[in-house]
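A.B. asks: The structure that follows is given in the form of structure tokens.
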Amino acid sequence: MTPKHLAGVLALCAATIASNATHAVPIALRDAVITATYNGSAASMLGLDHDFAAVAGSNTTRLDATDSGVEFLTGDYLFGIDFSPAGALTVIANGAIPTGAYSMRFDFGTSLASAIGAVTFTDARGASGIPVATLIDSHTFALDLSAVEWSEFGSITAEISAAAPVPEPATPALLLAGLAGLLATRARSLRHAEGG
């Protein structure tokens, strides 16, 4: 086997491994039940199911299946939080937002069909800075918006993605075993050609 052939085999192995890699896909949020906190307080998150009233349990709401409005308002009315059935989260500034520490946490409990694997920011309009998303567990994530500067009615959008399945261990193992066999054959061919 020539070095050119060996390079081709290696490229084929790499392509096969890459084609077996799975990509994260947005989680469908239809029928999701969300429990939220704002700056560490359940009472500071007002849910759609409770008509945004500051009542016990208002921090839990079901996704608006019509996608016609926001699911939550913060108790200080600075932010609206909208989840789309297609797996997006948008945080909207309801006006001029003063500089400050703003954090949110969202727990989907057992209402999701898949575990959350990532929350990735995809768009910012009228907002600058670096929002931070942290996965807490397979159904909960937190947002830290302290480093975001907001213009009036600015927004940031993130995609909530499913955890990528773990690839079958046999696939890479078989490819590596095949590659080892090819290398052994190559080494034997070289020894034979050298008269050894």
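A.B. asks: Order the following by accessible area, largest value first: THR61, THR134. Probe radius 1.4 Å; ligands, DNA and RNA are ignored.
C.D. replies: Descending accessible area places them as THR134, THR61.
A.B. asks: May I pose another question? May I ask you to derive the relative contact order of segment 55-131, considering only C-alpha pairs under 8 Å and at least 6 residues apart, and to give it as an integer percent? Kindly include the intermediate steps, with their values, before the conclusion.
C.D. replies: Values: 54 pairs, mean separation 11.8, N = 77.
Worked out over segment 55-131, it gives 15 percent.
A.B. asks: Let me ask another. With every protein chain present, what accessible area does GLU152 have (1.4 Å probe, heavy atoms only), rounded to the nearest 10 Å²?
C.D. replies: 120
A.B. asks: Right, something else. At 1.4 Å probe size, put THR157, THR99 in order of accessible surface, largest to smallest.
C.D. replies: Reading off the accessible areas and sorting them downward yields THR99, THR157.
A.B. asks: What shape does segment 25-90 take by its C-alpha gyration tensor, where a ≥ b ≥ c are the square roots of the eigenvalues and a/c under 1.5 counts as rounded, a/b above b/c as prolate, and the rest as oblate? Working shown, then result.
C.D. replies: Numbers: a/c = 1.89, a/b = 1.74, b/c = 1.09.
Note, shape of segment 25-90 comes out prolate.
A.B. asks: Kindly report, to the nearest 10 Å², the accessible surface of ARG105 as traced by a 1.4 Å probe over protein heavy atoms only.
C.D. replies: So the heavy atoms of ARG105 present about 100 Å² to solvent.
A.B. asks: Right, something else. If R0 is 45 Å, what FRET efficiency do you get for TYR77 and ALA115 from their C-beta distance, rounded to 0.05?
C.D. replies: 0.85
A.B. asks: Using only the Cα atoms of segment 57-125, build the gyration tensor, take square roots of its eigenvalues as a ≥ b ≥ c, and label the shape rounded, prolate or oblate: rounded if a/c is under 1.5, else prolate if a/b is larger than b/c, else oblate.
C.D. replies: Working: a/c = 1.63, a/b = 1.45, b/c = 1.13.
Prolate.
A.B. asks: Using a 1.4 Å probe on the protein heavy atoms only, what accessible surface does SER44 show? Give it in Å² to the nearest 10.
C.D. replies: Using a 1.4 Å probe on the heavy atoms, I get roughly 40 Å².
A.B. asks: Hey, rough spin-label estimate for ASP123 and PHE153, points 7 angstrom out along Cα→Cβ, what's it come to in nanometres?
C.D. replies: 1.5
A.B. asks: For the pair SER138/THR66, report the inter-label distance in nm, with labels modelled 7 Å from Cα in the Cβ direction.
C.D. replies: Inter-label distance under the simple model: 3.5 nm.
The values are calculated or read from the model by the stated rules, or taken from the named source; none is laboratory data. Predicted model only: the values in this text are computed from it and were never measured. Here Cβ is always computed from backbone atoms with ideal geometry, including for glycine, and neighbour counts include all displayed protein chains. Ligands, DNA and RNA are stripped out before the accessible areas are found, and what is left, the full protein with its side chains, is counted by its heavy atoms. Shrake-Rupley method; radii C 1.70, N 1.55, O 1.52, S 1.80 Å.
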